[in-house]
Amino acid sequence: MTHISLNDTAENLPDFWKSVVIGQSGTCNIKILKMDGRPYPDETHDYNEALIVIKGQMRLVVDTELVQVSEGEMYLALAGVPHAVAEGSYGTLLIIDPIGN
């Protein structure tokens, strides 16, 4: 078993908005990244992506609707649905998606 501090790992990353794989479970990557308040461009995937806010907040624009994801909450970005991170998102984000993405 491996013990990882998610917030410490994110804080020590050299860049904002660049995820790092910290583990795998089944056929999924477990990734961590740090958000710095800047927006992140629109993206669409052919798979579901779990976005879990560990610390801070994430503001997502999904189909022109603003969705607030608070600390301790998860948003499941469904396959084929465009989503972008709006300005004002900050903190630690955990991402779970298929291996190879």
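Computed from the coordinates by the stated procedures, all read-outs in this text should not be read as laboratory data. If you're wondering where the values come from, they're calculated on a predicted model, not measured in any experiment. Note that we place each Cβ from the backbone using ideal geometry, even for glycine, and neighbour counts take in every protein chain shown.
When only the Cβ of Lys, Arg, Asp and Glu is charged (+1, +1, -1, -1), the dipole of the stretch 10-64 relative to its Cα centre reaches about 260 debye. Over all orientations, the stretch 1-95 has a Cα convex hull whose mean projected area works out to 6.0 square nanometres.
With helices as the sole contributors, the chain gives -1500 deg cm²/dmol at 222 nm; each DSSP H run of n ≥ 4 counts as -39500 (n - 2.57), and the sum is divided by every residue.
If R0 is taken as 30 Å, the Cβ-Cβ distance between Gln57 and Ala79 corresponds to a FRET efficiency of 0.75.
DSSP assigns beta bridges within the chain; of those with both partners inside it, close to 100 percent run antiparallel. In percent, rounded to a whole number, the relative contact order of the chain is 34, using alpha-carbon pairs under 8 Å and six or more apart. A simple packing score, the average count of other Cβ atoms within 10 Å per residue, orders the peptides 57-63, 25-31 as 57-63, 25-31, with the highest score first. Extension gain for the segment Ile4 to Thr44, taken as residue separation times 0.36 nm less the Cα-Cα distance, is 11.5 nm to one decimal.
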